[in-house]
Amino acid sequence: MTTLTLGKAMNEGLRKAMENDPKVLVMGEDVGKLGGVFRITDGLQKDFGEERVIDTPLAESGIVGTAIGLALRGYRPVVEIQFDGFVFPAADQIITQLAKMHMRSLGKLSLPVVVRIPCGGGIGAVEHHSESPEAYFTHTAGLRVVACSNPVDAYSMIQQAIASPDPVIFFEPKRRYWEKAEVDVESTDWTPLHSATVVRPGEHVTLLAYGPSVKTCLEAAGAAAEEGRSLEVIDLRSLNPLDIGTVVESVDRTGRCVVVHEAPVYNGFGAELAARITERCFYRLESPVLRVGGFSTPYPPSRIEDQYLPDLDRILDAVDRTFAW
Amino acid sequence: MTIDSVRGAPDTPELAEPELVQLLTPEGERVEHPDYPLDLSAEEVRDLYRDLVNVRRLDLESVALTRQGELGLWASLLGQEAAQIGSGRALSENDMVFPTYREHGVAWCRGVDQLKLLSMFRGVTHGGWDPAEHNFHLYTVVIGSQTLHATGYAMGVQRDGVLGTPSAAATIAYFGDGATSQGDVNESFVFASVFNAPIVFFCQNNQWAISEPLERQSRIPLYRRAQGYGFPGIRVDGNDVFACLAVTRKALENARTGQGPTLIEAFTYRMGAHTTTDDPTRYRLKAEEEAWKLKDPIERVKAYLVRNEFADAAFFQKIEDEAKQTARELREGCLSMPDPKPLSAFEHVYAEPHPLMTEEQEQFAAYLASFEEEAR
Ligand SMILES: Cc1ncc(C[n+]2csc(CCOP(=O)(O)OP(=O)(O)O)c2C)c(N)n1
Ligand SMILES: [Mg+2]
């Protein structure tokens, strides 16, 4: 066991993947000497060379577009988008090209490209550095979309994503990069990439979260326990495909469900969850599935981001409301 | 030309030792250029000096405020004062500016309250000034986007039919060396070219895009890109405020009189970190910074003023005191800047009332009020 921060676990996972497969490439802005603005690729260029760890020109469409070409030539590019708000110049390459090429080729072409996106708010940044764009990508067929929430998953999930024959959008909770945990870097006995995990069992209400919100939900569950309420927390880990079985099993037991994400509630990923849970657990539900998320506004200036982001109070308020229904 | 098979970077000495328009040497000696005659009175030079010193001082204060936790971030203009003041003072009132996030010196020339710039980096607003009031658009953080907005704006001026008249306006788009790789910037060159838009593309080549040197963005000097798009490109000593003034003036005048776009590459250097969260020791040599220190944009103007006896010690002291005072006011203004109200997040999202904004705002207001009730 090694104590690793989430950021360092990402780094170790990338390193392992590069050691295991010479076709794995890392590319993006400032990923080389600097090691990325969050140092996720720290030391990789030094150890694997400039041919495999590529500081690209400053152009996101170019980065993803050339990653597609490299994949067509047999490489497995892992692309870093510097911040969530800067993925949009690459939207055409991701949504129109990357996602659809396998199908258009009747399965002949495979596009094992991973697009890593540090996401979410809470770091006091200026605009475009705190966004949660996952719903744009979960809405796009052909992409697999995952989000890690802790060092253990960061280490395994990045390696599993790289091994995937399909394109994977990989969300990293940037404000959790410095969270620590014990990681077994020798073991490969990992939870399957596209399965959800119950990170805290409970009886009364199911909290569904992913990425940065998992920790917030665990804290909320801790606070609720002091008041005698037992909340089950599920870390979805994968948004597309969705492990609906784990979710249904839980909600069938608790009869109440609150979805938490940083993205705006309106048309957010929680809407898909609420609809699916309603379909599958209709007769078991004691209240509607409630959603706690960002306001349906642009991400606000950082001085009021704490109001925008779901926190303990807002989560517990929603939990209360499921009982008051 | 040798090509490194790994990096693909060619051996282009021109990237480092360029040919450029210079009117004032680093030693403060005035030199002439046949295409750019410039006649400045002693007072005009003193005014430029005053601008340069003030914007540097304000910038240093903003860096200090960031270190003290008062700003979330600051993108310093240190080393780029001449490029910004020279081009900024070349503007006429009608001209329109589209800045990046580093154009604090240009904002100064346009009379934008520096506190408003700070409000963005403090996390109080996403902009906050009225672009029409100063003909200075909002800062753009997403690299390169504003060059297309600027081009479209210039196309609007063109359609107004004012070019060549006293109400003519040029548009100037600022961007960095890194930005030249973006599709948006290249598309803006194409649009500006085929429509002959009245625009000046002002690229501050400060040699770095965060940790990536110019070689990651270009194999030829940036100003030469213009040729491929079909309009003139020119490289100017970006640390020479006279040259930046003269070259930008001419390009703006060309735009206003319907002669189309110009690309100006201001060859300069980012003396500080990319932003306050960056650590340049990880990717560049101190020696490089030291070499550029000798080309400081302010020192050479001071040398010129002294050499020609255009200013005495009392003048320099006065400017120093004034800059200190402006910085003090900036600090006080920053510290007393009120936080936005939480409910303001729902304001101005749409121009007309919007049911979802109203609904969520009311819900959140009720939620906040529930705490006050509990507290009672
Ligand atoms: C589309 C986009 N991608 C990435 C970034 C992150 N980023 C901010 S500044 C910067 C470097 C910009 O370099 P340059 O254009 O040379 O301008 P400078 O900062 O040197 O003034 C990068 C990559 C961004 N803001 N926007
Ligand atoms: Mg630059």
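For the stretch B:207-220, the tally of residues that are assigned to a loop (DSSP other than H, G, I, E, B), within 13 Å of another protein chain (Cβ to nearest Cβ) and within 10 Å of ligand 1 (Cβ to nearest atom) stands at 3. Would you say A:THR41 is open to solvent by less than 10 Å² (accessible area, probe 1.4 Å), within 14 Å of another protein chain (Cβ to nearest Cβ) and among the hydroxyl-bearing types (Ser, Thr, Tyr)? The answer is yes for A:THR41.
Would you check if A:PHE48 is in contact with a Phe, Trp or Tyr (Cβ under 8 Å, 6 or more places away or on another chain) and within 14 Å of chain B (Cβ to nearest Cβ)? Criteria not met by A:PHE48.
So which residues in the stretch A:289-321 are in contact (Cβ under 8 Å) with a residue 24 or more places away in the chain and touching a Pro at 6+ places or on another chain (Cβ under 8 Å)? Scanning the stretch A:289-321 gives A:VAL292, A:GLY293, A:GLY294, A:PHE295, A:SER296, A:THR297, A:PRO301, A:TYR308.
Kindly indicate the residue of the stretch A:69-101 that is assigned to a loop (DSSP other than H, G, I, E, B) and away from every other protein chain (no Cβ under 14 Å) and also farthest from ligand 1 (Cβ to nearest atom) among those meeting that condition. Taking the candidates together, the pick is A:GLY74. Before we move on, is A:ARG39 among the basic types (Lys, Arg), part of a loop (DSSP other than H, G, I, E, B) and not assigned by TED's automatic domain parsing to the domain that holds A:PRO212? Spelling it out, A:ARG39 is indeed among the basic types (Lys, Arg), part of a loop (DSSP other than H, G, I, E, B) and not assigned by TED's automatic domain parsing to the domain that holds A:PRO212. Going by the structure shown, is B:PHE175 within 16 Å of ligand 1 (Cβ to nearest atom) and either assigned by TED's automatic domain parsing to the domain that holds B:VAL301 or not aliphatic (A, V, I, L, M) (or both)? Considered against the rule, which asks whether it is within 16 Å of ligand 1 (Cβ to nearest atom) and either assigned by TED's automatic domain parsing to the domain that holds B:VAL301 or not aliphatic (A, V, I, L, M) (or both), B:PHE175 comes out as yes.
Can you work out which of the residues in the stretch B:165-183 that are assigned to a helix (DSSP H, G or I) and within 16 Å of ligand 2 (Cβ to nearest atom) is nearest to B:GLN146 (Cα to Cα)? By that ranking, first place goes to B:ALA179. Test B:GLU362 against the criterion of being assigned to a helix (DSSP H, G or I), open to solvent by 90 Å² or more (accessible area, probe 1.4 Å) and more than 9 Å from chain A (Cβ to nearest Cβ), and give yes or no. Yes: the conditions hold for B:GLU362. Among residues of the stretch B:244-259 that are open to solvent by 10 Å² or more (accessible area, probe 1.4 Å), those with a Cβ under 7 angstrom from a residue that is modelled with pLDDT of 95 or more and assigned to a helix (DSSP H, G or I), sequence gap 6+ or separate chain, pair up as B:ARG249/B:ALA90.
Among the helices (runs of 4 or more DSSP H) confined to the stretch B:47-149, the ones with at least 1 residues that are open to solvent by 30 Å² or more (accessible area, probe 1.4 Å) and without any contact (Cβ under 8 Å) to a residue 40 or more places away in the chain are located at B:114-121, B:131-134.
Checked across the stretch B:260-279, the condition of being open to solvent by 30 Å² or more (accessible area, probe 1.4 Å), assigned to a helix (DSSP H, G or I), at pLDDT 95 or above and touching a helix residue (DSSP H, G or I) at 6+ places or on another chain (Cβ under 9 Å) holds for no residue. Just one of the listed residues (B:LEU330, B:LEU335, B:LEU356) is farther than 19 Å from B:LEU118 by Cα and either more than 14 Å from chain A (Cβ to nearest Cβ) or among the aliphatic types (A, V, I, L, M) (or both), namely B:LEU356. Restricting attention to the stretch B:305-328, does a residue exist that is of a type outside the set (A, V, I, L, M), open to solvent by less than 20 Å² (accessible area, probe 1.4 Å) and touching a residue at least 12 places away in the same chain (Cβ under 8 Å)? Looking for residues that are of a type outside the set (A, V, I, L, M), open to solvent by less than 20 Å² (accessible area, probe 1.4 Å) and touching a residue at least 12 places away in the same chain (Cβ under 8 Å), one finds none in the stretch B:305-328, hence no. Among the residues of the stretch B:157-183, those identified as under 23 Å from the mean Cα position of the chain (by Cα) and away from chain A (no Cβ under 14 Å) are B:VAL157, B:ALA168, B:ALA169, B:ALA170, B:THR171, B:ILE172, B:ALA173, B:TYR174. With respect to B:ALA345, is the statement that it is touching a helix residue (DSSP H, G or I) at 6+ places or on another chain (Cβ under 9 Å), more than 24 Å from B:VAL124 (Cβ to Cβ) and either open to solvent by less than 60 Å² (accessible area, probe 1.4 Å) or more than 9 Å from chain A (Cβ to nearest Cβ) (or both) true? For B:ALA345, the condition - touching a helix residue (DSSP H, G or I) at 6+ places or on another chain (Cβ under 9 Å), more than 24 Å from B:VAL124 (Cβ to Cβ) and either open to solvent by less than 60 Å² (accessible area, probe 1.4 Å) or more than 9 Å from chain A (Cβ to nearest Cβ) (or both) - is not met.
For A:GLU286, the stated conditions hold: it is in contact with a Lys or Arg (Cβ under 6 Å, 6 or more places away or on another chain), touching a residue at least 24 places away in the same chain (Cβ under 8 Å), over 27 Å from B:PRO355 (Cβ atoms) and among the charged types (D, E, K, R).
Looking only at residues in the stretch B:203-241 that are crowded, with 20+ Cβ neighbours inside 10 Å and aromatic (Phe, Trp, Tyr), the one that is nearest to ligand 2 (Cβ to nearest atom) is B:TRP208. Picking from residues in the stretch B:153-174 that are surrounded by fewer than 16 Cβ atoms within 10 Å (Cβ to Cβ) and in contact (Cβ under 8 Å) with a residue 12 or more places away in the chain, the one that is nearest to B:TRP108 (Cα to Cα) is B:SER167. Considering A:ASP252, A:ASP235, A:ASP189, A:ASP184, the condition of being surrounded by 24 or more Cβ atoms within 10 Å (Cβ to Cβ) and not β-branched (Val, Ile, Thr) is satisfied by A:ASP235 alone. Can you name the residue in the stretch A:285-325 that is within 17 Å of A:ASP252 (Cβ to Cβ) and surrounded by 15 or more Cβ atoms within 10 Å (Cβ to Cβ) and is also farthest from the other protein chains (Cβ to nearest Cβ) among such residues? Checking each candidate, the answer is A:LEU285. A:ILE54 meets all of the listed conditions (1) open to solvent by 10 Å² or more (accessible area, probe 1.4 Å); (2) out of contact with any Lys or Arg (no Cβ under 9 Å at 6 or more places or on another chain); (3) under 21 Å from A:PRO118 (Cα atoms); (4) at the interface with chain B (Cβ under 9 Å from one of its Cβ atoms) but one, namely (4).
The values are calculated or read from the model by the stated rules, or taken from the named source; none is laboratory data. On a predicted model such as this, the values are computed, not experimentally measured, just so you know. Note: ideal-geometry Cβ built from the backbone for every residue, glycine included; neighbour counts use all protein chains shown. For the accessible areas, the whole protein counts, side chains as well, though only heavy atoms, and no ligand, DNA or RNA atoms are used. Shrake-Rupley method; radii C 1.70, N 1.55, O 1.52, S 1.80 Å.
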